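Take a look at the structure set out below.
The values are calculated or read from the model by the stated rules, or taken from the named source; none is laboratory data. Model, not experiment: these values are computed from the prediction. So basically every Cβ, Gly included, is an ideal-geometry build from the backbone, and we count neighbours across all protein chains shown. What goes into the accessible areas is simple: the full protein's heavy atoms, side chains included, and nothing from ligands, DNA or RNA. Shrake-Rupley method; radii C 1.70, N 1.55, O 1.52, S 1.80 Å.
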Amino acid sequence: MSTLIFGLDIISMSLGLLITFLAILFFRRHRHYRLPPGPGWIPLVGNLREFTSDPDLRIPLRRLQKKYGDIYTLYLGPIPTIVVCGYDAIREIFIKRGKEFSDRPAPILPTILLNGGKGVTSVSGDIWKNQRKFILVTLRNFGFGRFKLEEKIQTEVKLFLSEIDNLNQTPFQMMAPIQTSVGNVISHLVFGCHFSHNDPRFKKMMDAFDSFLHYFSSGKLMTFMPILRFVPGDFFGVKNIAKKMQVVKYFVNELIEEHEKKFDEENIENFIDAFISEMNKQNDGGNHIFTKEYLVAIIMDLFLAGTETSSTTVTWASFYLATRHDIQSRIFEEIKSNVGTERLPSLQDKQSLVYTEAFIMEVLRMSNIVIFSIPHAPVTDVWIRGFHVPKGMQMFPNISSVLSDPAVWGDPEIFRPERFVSEEGTLLHPDEFIPFFTGRRNCLGESLARMELFLFISALVQRFEIMPPEGTTLDIKDVDGIFGGTHAPKPFYIRAISRHAEEMI
């Protein structure tokens with residue numbers, strides 16, 4: 001047992017002193033800069049006390065925006081962070097001046113555990129540009145964001161519907177089947193294969209990603225302090241998460257080695273093959289980004305970004321379908337009238353399924369899956385609206401402040417798909433609708449996510465009536481409020497009742 005001094009063990013005291021010392025050093029280093037205003041902070045915990053009174057992260061963020069304006073400074077632990085709120089400020093900084101703010105800050109603990117700071121979401125400068133260009137070109141060759149990929153998604157949609165049908169109206173949680181189905185879409189692109197819903201390796205990988213996201217909730221001090229992973233023991237639970245991510249990396253490495261053994265330069269079928277081909281071309285012994293280490297990091301990024309947002313959105317959609325039967329009926333009638341029930345809806349049906357698309361957009365807006373965009377940083381010292389911000393300082397674009405702005409939406413607290421439908425019956429695309437963020441570093445998987453959401457949700461409503469479990473009701477107060485890597489609903493159950501025989505696929 002550690003020696004106690006004033007009721008604290010030596011490790012805790014030493015850690016606290018180290019954090020305080022580092023915070024003071026950081027403050028002194030940047031005190032000559034004129035940062036935006038913000039609340040007073042404590043060296044060890046920063047402004048984390050601002051977020052202890054309400055589990056809904058968005059509420060204190062709104063309070064701080066109202067008090068300090070659209071650009072203010074928070075200390076997350078010892079790390080000074082600039083929060084950018086409102087569409088005008090986000091547009092000014094990350095679109096009009098996007099090149100100046102396209103870097104990433106020093107990696108925080110989640111990115112270190114996920115990809116070692118080497119994934120496309122974590123790197124900056126030429127490494128980021130080259131990685132992003134290669135990823136987009138390669139995935140587009142395999143149908144990413146195009147109709148060419150639809151066939152693979154539809155395969156997963158059919159398996160998804162079959163899994164739900166086999167439940168025979170038994171109450172279930174949506175996250176499990178949709179997460180595996182969406183994950184398999186990425187598997188087709190990256191690995192060139194499909195995993196069954198019961199595959200233990202694939203299930204372990206998806207469970208690890210889920211644990212990773214739920215662990216790093218916004219209020220955890222260690223999220224912003226990579227040094228804590230070196231603390232003896234596992235007081236913070238970091239090492240447990242690190243072990244789970246190592247299991248995922250081991251699985252990914254196994255698959256990469258399988259591809260290396262059967263690699264054929266004349267037969268490039270998936271992302272790993274394409275990356276191996278590029279590794280072979282650039283194998284000159286120099287330092288470059290085409291290494292196995294970078295490949296593993298990119299795959300980790302693609303899986304996390306390509307599964308969590310879409311699966312969480314479909315889960316939220318199932319909640320709104322179960323609680324708003326009037327909206328669900330309108331979606332079904334639109335699908336029945338324009339597509340029928342003899343085939344699945346396709347991407348070519350999008351233009352005629354305006355209300356269905358509006359529903360998906362409202363789910364994205366209302367559920368606000370991503371509260372903050374991944375942190376940005378200025379590439380050099382900059383001035384923002386009279387404030388002097390140093391190179392590399394962490395900046396969080398507050399997406400929630402835009403999607404829930406009363407000045408933009410009028411009644412943002414009301415779930416109302418009609419807000420995205422014009423008087424002429426066409427789909428509206430407001431500039432302020434930025435669930436995937438905007439600018440130079442917007443979400444890499446946005447086009448894929450939009451395809452998946454349309455195909456999975458429209459097919460779900462076409463095939464099933466989504467209801468709460470018999471004898472129960474669902475309320476937003478009961479499911480809202482898990483703020484981890486994404487804003488996910490608390491676990492809830494629904495029933496899926498097959499449509500009448502003449503209406504079934």
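Summary of computed values
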quantity	calculated
Flag if LEU444 is at pLDDT below 95, over 24 Å from PRO171 (Cβ atoms) and crowded, with 19+ Cβ neighbours inside 10 Å	yes
Test: ILE186 is farther than 19 Å from PHE271 by Cβ and β-branched (Val, Ile, Thr)	no
Candidate set from region 284-321 (those that are closer than 30 Å to ARG463 by Cβ and either assigned to a loop (DSSP other than H, G, I, E, B) or modelled with pLDDT under 90 (or both)); member that is most open to solvent (accessible area, probe 1.4 Å)	ALA305
Matching residues, region 17-56, being part of a helix (DSSP H, G or I), modelled with pLDDT of 75 or more and either open to solvent by 70 Å² or more (accessible area, probe 1.4 Å) or farther than 30 Å from GLU413 by Cβ (or both)	ARG49
Filtered residue count, region 341-379, keeping only those that are touching a strand residue (DSSP E or B) at 6+ places or on another chain (Cβ under 8 Å), of a type in the set (Ser, Thr, Tyr) and either free of Cβ contacts under 8 Å to residues at least 40 places away in the same chain or closer than 30 Å to ILE79 by Cα (or both)	2
Test for LYS281: is it on the phi < 0 side of the Ramachandran plot, among the basic types (Lys, Arg), open to solvent by 50 Å² or more (accessible area, probe 1.4 Å) and within 26 Å of the chain's Cα centre (by Cα)	no
Filtered residue count, region 106-115, keeping only those that are surrounded by 17 or more Cβ atoms within 10 Å (Cβ to Cβ) and not in a helix (DSSP H, G or I)	2
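Matching residues to (1) in contact with a Gly (Cβ under 9 Å, 6 or more places away or on another chain); (2) of a type outside the set (Asp, Glu); (3) closer than 17 Å to GLY445 by Cβ:
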{"site": "ASN141", "(1), (2), (3)": "no, yes, yes"}
{"site": "LEU149", "(1), (2), (3)": "yes, yes, yes"}
{"site": "THR155", "(1), (2), (3)": "no, yes, no"}
{"site": "ASN198", "(1), (2), (3)": "no, yes, no"}
{"site": "PHE212", "(1), (2), (3)": "yes, yes, no"}
